[in-house]
Each structure stands twice: as structure tokens, then as C-alpha cells.
């Protein structure tokens, strides 16, 4: 649990720091329910490309951006999408704390026009904390198509704050929104936010606490809100208040005295906290209901009939899962097939440049070892990683993002949740696993969509059991040569079946390990399940391509480059520094040391050391292995499967070696990029370590059992 | 006035009215924030292909609830689509 609170507090502290440093700009908070197009508004205003997806709960850490409007600078803080500010989750806590204690000059609450009533819950809660509120009713175009009409003027007069209607995807209303933000922030528009009146008991209690609180806290608004929160939940809340106001209000005598009195009063009159809490929530919802009844009119009764009809097919008992598997299979096929050509082109281009670099080194009389280390070591490894990693990601991510934008992904979680429930995990883990097929680092980032702490960690730690794009080519090559080698014309069919079997095995291992984790080291972590099925939306192809290339592909590639460059140097040194009486390279030496152990696992020393040196990216494991077997000093590739087979067979490979290598490919430590990402996402060193150990141990055990069993039975 | 049934027993296509939440603590608050409060109309849409969770529509929003959550919401049967 610690990592969550840490990251939550960290980000709020950062933002309040930033707020103090930006003397020249106004600070505007952007709040809203998940999936209301909040991030689209954020992107449109700031131009900073931050990812938005058609699934609830995307932004966890708050993103910030700047924009200029009519000569004024604004700092926009994109808060996590939440349904409430009750601080049920780290996300809600971040949003609540920033609105309350970050003191933004204005808070924009983005509401979905198609589900306005539910959104008003958050609007009303925020209006209890601050009066500087602008309500932005977004997705008006979608509401119009569904025949939902909203009387924005009436809504504004009922709420007592400005209400702006927008269709952020087409940019409609954004100018007016910026004008209004300016007017509210500068005080040109004074708001009179609707105050929710609670029942007489609550109002009575508040009137007792509030005067005492307001002695310490000058802001009249906050003191009422703090009093209300104290009625619900005292101790943790007091701690938070004390932290942000840098004032230990628990030690104020008057406050303590009042709170003790309150406590006694509640006990004497037999009033439970839950009861108070319930009636507060009810009162807010009642207000939301009344306001929406007065402002929303529906032209058609069955305004979301179409979505229901689509759901009837996509989540049906008969077609739900087959459609899902075919869609995913199609995406994978397009990715693997489509990546070949650009990969080759990139390889040719990058290796042409390597030759030019070599020419340059000769021309400046650069010493051999320096040329080797920098060009054949660092540059070649980098070039290799980029050439094999970039094209599949550039194809996979946009395709996957289309499904995301459509709103299909939450349906996948819905279809599969039962399997995950049995493994004590969350249905949304199915999505992070699909993303892992593209890249495990991206899969780990995608775990943000899981709002329950325990299930999020499970998904993060087990993501590596899904083979990523970087592992597919190696798995396919090994399956073609050793498993399907004698199948003649059915070779590729058998190879595909082998890969499918491996993926299925990966899924089974994921579910098993998930269950084990939740019963062992993650026992007792808080857990919850909420899954919204948002309306289907037309994907915006242009935006998808830009976003998925910028936010996912380049981002992951950047991290990969950071890991690959130093690793390239180390690999070159290990292949080119010779030691001992026999003058063997460090790789050869390492392989000799590891060999006895590797044999138990059905591998050999070279294979194991190739996996270890392949830590920066799974793509280079096979090239390292070839380099080690052939004792060349740099990474090389063998394009023909036949020569690859000959090389491996000459090093005593059997089908068992290939099988164990494939199993170890599926189950070993995550690549450096993924571990770095786990480190950043969990803000801890413990979880990356767990994510390293769990799959490695799984791989070692699995390979050992398989190798020993097969040998015992005398099959190989 | 009919008797109260747990939400997950409401058959797909039927609607009901929320009468009581038996969930406690965080879970209860989460449900309430989703709009699951006294006298809210809720409709059972369909089961997941694996039987659980079930998708429900309330206040114009579709959410999926697992049976152990839905069993903590008691509803009064209202009507079934033909």
C-alpha cells in the first residue's frame, strides 16, 4: 500500500511547488469523471500530447501543461478522473488534496453531457471546496446525436457557476471556455455556487464545529468543507489537513475539545458515522437528480439503444470471446507480417550508416578498440534494438489504440473478468496483457487503468508472462526449426500452433501466479472492482496515429535506447576482452561457468549468458547467442533458418534444447526497459525486484522439470 | 410491494429499484458514488459470456458489477422487457 500513498503525496507536493514557482501564470485545475474527454480538453488547450483513452481512469499521476490566452499564461493541472472526492482511492485523494490545498485560481470540472446526472455528483462535491468553479459540459455533439438536450443556461443559474458547453474533439466551445476560465480566475465573474443543505442534524453539528475551525483556517469555504469531512472521518483527515496547512490543528485546544464533545454527542444519541455519511451522499445525489430533471430533456426514450445492440453481439455468450480472439489475432498477424519490410529497410539504413561511421573512424585514425567499443558495440546494439523494436510497435500500438478509442477494450475486460476473478485479479488485466503482447513496458504503464491497488500490482508483476513483440521472432524461428522442422508443408501451421500454445501457457501461468501473489505477498492489500462500459465512440484515426506514436512508441523506444547503449558497450567488452591461459573471451568464460547449471535446465552456458546479456532487450538474445557460438566480436544475424539450424545443431541442440529455450524466453526476468518502467510506476525498488524474481524462478523451475522429465523418460 | 431480492438475481432485461445497501465502509461509499442509492432505478442488461460480472444500467450509465458486490444491493422488482 505504501507505494500508492507515496506517489500520491509526491505528485501533489510537486504540483503545489510548481504553483509557487510560476509567478507569471495562473494555476487551473482540470477535474472530472473518468472518460469524459477531460484529457482531450487538456491536450487541445495545452497542445501537449498526453494520452487519452476511451476507458475510465487513465490519468493517475497528474499531467501538467501550459497555455497562453489573450496575453495571460495558464498552468493547467490534469487531475485523475474520479467519480467522487471521498478519497476511496489514491486517485481521489490526489484530486481532493489538490483542489483543496493546491489552491488553484480556478477549477474546471469536465462533465459528460450524455451522463450528466452522474457527473453532477462530482461537480457538487467540488463546489463545496471552492467557489472558483467552471463547469464544462463536454461531448455535446454526442449528446445531440442521442437526442439529449441540456439547457446550459438553466444549469448555470441552478449551479451558480458558469457552464460552458463543448465538443472537445472538434474544438467547439474551447475558446469560450478559455475566456470563462480567465474571468473566473481574475475575479471578473463572481460565482454563487449552490450550497447543498444537509438535514438539520448535520447542519446543526456543522454549525458547532465550523466556528472553531475557522479560527485556524481563514477561508470560509474550506472551513465548512473541513467541518463536513470531520463529521465523516476524523483522524486520517485531520492528519491530511495538518500536513498541507503546515499547522498541527490536532494540537489546537479548541478543536480537540469540540471534537471530543461531538464524539460524545454522537455516542449519546446513538448516531453512527455511516448514517451521517450516507445522508450526506444522498443529499448531494438528490440535488444532482433535481438539477438534471430541470435541465435535461430526451428526444428519444431509448437514446443508447444502439450501444446496447452492439453490446448484445460483442459481449454475447456465443460471439463475445470468438470475436475478441479473432480481433487480437488479426492485430498480431498484421503486426508481425507488416513489421518485416520496414524492419529490413531500417536495418539496411542503419547498417549503411555504421559503415560510414567506420570509414570516418579510419579517416581520423581512431584506435581499433575505440572504434570497436563505440561503433561495433554501442552503435550496433542501438541500431539493432531500434530496427527490430520500432516497426512492430509503430504498427501494434495504433491498431490497439483504435480498439481503445472505440470503447471496445472495457468489453474485453467484461468478457474475461470471471477468469481473472478466480485468480483474484481484475478483468482489466486482460487489457494490460494484450498491451504486453506489443511491449511489456507499455503493458506495465497500462496497469494504471486498474484502480484497485492489489490488482494493479498483480497485473504489473505478471505482465512479463505475456510474450512481447521482441520475443515473437525468436520463438517463431525456434518453433519453425526444431518443433515443426520435420512437418514438411505443414511447417508454418505447426509453428503457429506452437506459438499459440506458448501464449496460452503464458496466460495460465499469469493466472496461477496472480492467485499465488494475492494469497502471499499481496495479502491484505485493498481491493475493489468497478468497471464502467462507456458508450462506443467513433475513433479519430489522425489523433490515434500521432498519440500512439508519440506517447507509446517513442516513449518506450526512448527508454529502450537508454538501456541498450550502455549494454552495447558491456557486450562488446565481454566479447573482446580475453582472459586466462587459453585467451578466452569473458563471454566464453562466463558460459563455461554457467554451463553445468544451464544443463540442468535443458539449456547450455551460452544460451543462459545470452539471456543475461540480452537484458536490455529480448530482441538481441538470439544475435548475442550467434555471436557467442561463432566467437565473433560483434552482434551478427543469420537470415536463413537452415544455417541457423546448422549452427545450433553443431552446438548439440536437440528439440529439448529448443523447447527449454522457448520456455525460458517466456519465463525469465523482464527486459531492462520494463523493469525501469515498473520502478517508475510503483515508485519503489521492491516491486521491480519481485517482478524480476518471480518470472525467473518460474522459468528455472519449469525448464528444470521439463528437461529432467524428458531425459528421465529417455525422449531426448 | 414485492419482497427485496439481491441485485444479481434480477434476470437480464428486468429492472428494479434499489432499496437497501448491505455493503459497508469503502465498498458502500464507492457504490453510492456510482449512484447506487435508495430509490434508484436499475436495469440488468446482460451477463458476461462467463456468467459473471453482469452489466447494469443506472442513471444513463452502464457499469459491470461482480456477483459478490451485486448481492450486497437489495432491489425491489419493477418490470421485465417483453
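Nothing in this text is a laboratory measurement; each read-out follows from the coordinates by a stated rule. Model, not experiment: these values are computed from the prediction. When we count neighbours, we look across all protein chains shown, and the Cβ atoms used for this are built from the backbone with ideal geometry, even at glycine.
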Over the range A:443-521, equivalent-ellipsoid semi-axes from the Cα gyration tensor in Å: 33, 13, 8
Sorted by Cβ density within 10 Å, fewest first, the residues A:414, A:101, A:353: A:353, A:101, A:414
Burial ordering of A:369, A:225, fewest other beta-carbon atoms within 10 Å first: A:369, A:225
Partner chain coverage, peptide A:414-426 - average Cβ within 10 angstrom: 3
Whole-angstrom gap from the range A:349-379 to the range A:478-522, using each part's C-alpha centre: 40
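Pull out the extension gain between residue A:486 and residue A:145, defined as 0.36 nm times the separation in residues minus the alpha carbon to alpha carbon distance; nm, one decimal.
Length difference between fully extended and current span is 116.9 nm.
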Rounded tilt (10° steps) of A:116-129 against the dominant C-alpha axis of chain A: 70
Stokes-Einstein D for the range A:676-716, Kirkwood Rh over Cα pairs, 25 °C, 0.890 mPa s (µm²/s): 204
Nearest 10 degrees, 0 to 90: helix A:200-216 Cα axis against chain A principal axis: 80
For chain A, calculated [θ]222 nm from helices alone, where every DSSP H run of n ≥ 4 adds -39500 (n - 2.57): -20500 deg cm²/dmol
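Grab the Cα-Cα distance for residue A:712 and residue A:554, subtract it from 0.36 nm times how many residues apart they are, and report the gain in nm with one decimal.
52.1 nm
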Ellipticity estimate at 222 nm from DSSP helix runs (n ≥ 4, -39,500 (n - 2.57)) divided over chain B, nearest 500: -4000 deg cm²/dmol
Test item: A:274-283 mean partner chain Cβ contacts at 10 Å: 3
Packing-based exposure ordering (other Cβ within 10 Å, fewest first) of A:109, A:133, A:513: A:513, A:133, A:109
Inter-probe distance in nm under a simple model that places probes 7 Å from Cα toward Cβ, at residue A:365 and residue A:153: 8.6
In nm, spacing of pseudo-spin labels at residue A:358 and residue B:38 (7 Å Cα→C-beta vector): 8.2
Rounded if a/c under 1.5, otherwise prolate or oblate - the range A:621-716, Cα gyration tensor axes: oblate
Average beta-carbon neighbours from other chains, 10 Å sphere, peptide B:41-49: 5
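Given chain B, what whole percent of its Cα pairs are spread farther than 15 Å?
Result for the distance tail: 51 percent.
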Computed P(r) (all Cα pairs; the protein assembly as shown; 10 Å bins; percent): 2, 12, 21, 22, 18, 12, 8, 4, 1, 0
Length-normalised contact order for chain A - Cα pairs under 8 Å, 6+ apart - percent: 12
With Cα atoms, 0 to 90° folded angle of helix A:2-21 axis to chain A main axis: 70
Alpha-carbon centroid distance for the pair the range A:610-639 / the range A:102-180, whole angstrom: 56
R0 of 41 Å, Cβ-Cβ distance residue A:70-residue A:528: FRET efficiency to nearest 0.05: 0.40
Pairwise centroid distance, computed over Cα atoms, of the range A:665-701 with the range B:43-81, Å: 38
